[in-house]
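Asker: The following block contains the structure, expressed as structure tokens.
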Amino acid sequence: MVTIGKLENTLVGTIHVAANADGLVAISLWDDESRFLAEVMRLVGKAPDVAAEPSVFVKTALAELDAYFRGGLREFTVPIDWSVMQPFQQDALHLVCAVPYGHTTNYGTIADQLGRPGAARAVGRANATNPMPIIIPCHRILGADGKLHGYGARGGIETKAKLLRLEGSWLI
């Protein structure tokens, strides 16, 4: 069963969270709940049970996100169900998870770490389709020029900049 929950009034607006029995499957920074439900359906092949009590993973994710935005959490511990992603995306996003709070790297460096030099665009695509932004911190990945390049959530690059400023890793 997939359950959902939401955290309102954050630095980046409302955040929707979904998890199944294996861990977190989706996070959305868009206000549109129907868009989020469609994304969860695409990722796990079934609609979440919106009437069910949120799972322990949903509750943990919401508590950790709240602590993160309050400045009290630097590393997320909620389990992730990596099976909702393609193999290359899993590999790339595992490396993205290794980028510490307050630090950044770039798409090319992640490609090099994957043993796939020249695959910076593919790493960018893996980040652009990251189903769990913030917890999988794709906002910490910059272009080779050290600048912000895209962010697939509400607010785009400005949201990415807000998250980096929160972490003290990038100044505008």
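The values are calculated or read from the model by the stated rules, or taken from the named source; none is laboratory data. Computed from a prediction, not measured in an experiment: that's the story for all the values here. Here the Cβ is made from the backbone with ideal geometry for all residues, glycine too, and neighbour counts use every protein chain on show. Accessible surface is based on the protein model in full, side chains and every heavy atom, while ligands, DNA and RNA are left aside. Shrake-Rupley method; radii C 1.70, N 1.55, O 1.52, S 1.80 Å.
Asker: If each DSSP helix of 4+ residues adds -39,500 (n - 2.57) and the sum is divided by the residues in the chain, what number results at 222 nm, nearest 500 deg cm²/dmol?
Answerer: That calculation yields -11500 deg cm²/dmol at 222 nm.
Asker: Any chance you could list the semi-axes, whole Å, largest first, of the equivalent ellipsoid that the Cα gyration tensor gives for region 109-172, using √(5λ)?
Answerer: 20, 13, 10
Asker: Points 7 angstrom from Cα along the Cβ direction at residue 75 and residue 42: gap in nanometres?
Answerer: It is 3.3 nm.
Asker: From the phi angles alone, apply the Karplus equation (6.51, -1.76, 1.60; θ = phi - 60°) to region 12-20 and give each ³J(HN,Hα) in whole Hz, x where the residue is Gly or Pro.
Answerer: For region 12-20, the Karplus curve yields 10, x, 6, 10, 9, 10, 9, 8, 10 Hz.
Asker: With unit charges on the beta carbon (Lys/Arg positive, Asp/Glu negative), name the residue among 155, 41, 117 whose Cα is farthest towards the positive pole of the charge dipole of the chain.
Answerer: Result: 117, furthest along the dipole toward the positive end.
Asker: Can you give the FRET efficiency for residue 34 and residue 67, using 1/(1 + (r/R0)^6), R0 = 45 Å, r = Cβ-Cβ distance, to the nearest 0.05?
Answerer: FRET efficiency, residue 34 to residue 67: 0.95.
Asker: Name the residues of region 74-91 whose amide N is less than 19 Å from a point 7 angstrom out from the Cα of residue 21 along the C-beta direction?
Answerer: Under cut-off, by backbone N: 79-85.
Asker: Also: With only alpha-carbon atoms in the gyration tensor, what are the semi-axes of the equivalent ellipsoid for region 9-119, in Å, largest first?
Answerer: Taking √(5λ) for each Cα gyration eigenvalue gives 26, 19, 13 Å.
Asker: Order of 42-53, 108-119, 21-32 by packing, highest average Cβ count within 10 Å first?
Answerer: Most protected by this proxy first, the peptides run 21-32, 108-119, 42-53.
Asker: Okay, moving on. Residue-wise, which Karplus ³J(HN,Hα) couplings in Hz belong to region 154-166, taking 6.51 cos²θ - 1.76 cosθ + 1.60, θ = phi - 60°, and x for glycine or proline?
Answerer: 3, x, x, 4, 5, 5, 4, 5, 4, 5, 5, 5, 4
Asker: Still on this structure, I have one more. Is there a quick way to get the dipole size of region 52-100? I mean about its Cα centre, with the Cβ of Lys and Arg at +1 and of Asp and Glu at -1; what is the value in debye to the nearest 20?
Answerer: 140
Asker: Take region 64-108, compute every pairwise Cα distance, and split them into 5 Å bins from 0; I just need the percent in each bin.
Answerer: All Cα pairs considered, the percentages come to 5, 18, 23, 22, 21, 11, 2.
Asker: On to the next question. Quick one: helix 87-97 against the long Cα principal axis of the chain, what's the angle to the nearest 10°, folded into 0 to 90?
Answerer: 80
Asker: Let's see if you can work this out: charge +1 on each Lys and Arg Cβ, -1 on each Asp and Glu Cβ, no other charges. What is the dipole magnitude of region 63-129 about its Cα centre, in debye to the nearest 20?
Answerer: Charge dipole, region 63-129, about its Cα centre: 240 debye, nearest 20.
Asker: Additional query: For the chain, with the dipole built from +1 on Lys and Arg beta-carbon atoms and -1 on Asp and Glu ones, taken about the Cα centre, which of 62, 16, 146 lies farthest toward the positive end?
Answerer: It is 146.
Asker: Quick check: at a probe of 1.4 Å, how many percent of the accessible area of the chain sits on carbon and sulfur atoms?
Answerer: 52
Asker: While we're here: Measuring from label point to label point, each 7 Å out along Cα→Cβ, what is the residue 98 to residue 6 span in nm?
Answerer: 3.7
Asker: Amide H of residue 116 versus every other amide H placed in the peptide plane: which residues, excluding those fewer than 5 positions away on the same chain, fall under 5 Å?
Answerer: none
Asker: Quick one: accessible area per residue over the chain, 1.4 Å probe, rounded to a whole number of Å²?
Answerer: On a per-residue basis, 48 Å².
Asker: Quick query: amide H of residue 153 versus all other amide H atoms, modeled in the peptide plane; which residues come in under 5 Å with a sequence gap of 5 or more or a different chain?
Answerer: none
Asker: Counting other Cβ atoms within 10 Å, keep those with at most 12, restrict to DSSP loop, and tell me which trypsin sites (Lys or Arg not before Pro) in region 64-172 are left.
Answerer: Those that pass, being in a loop and sparsely packed, are 70, 74, 147.
Asker: Dipole size in debye (nearest 20) for the chain around its Cα centre, Lys and Arg Cβ +1, Asp and Glu Cβ -1?
Answerer: Around 460 debye, computed over the chain.
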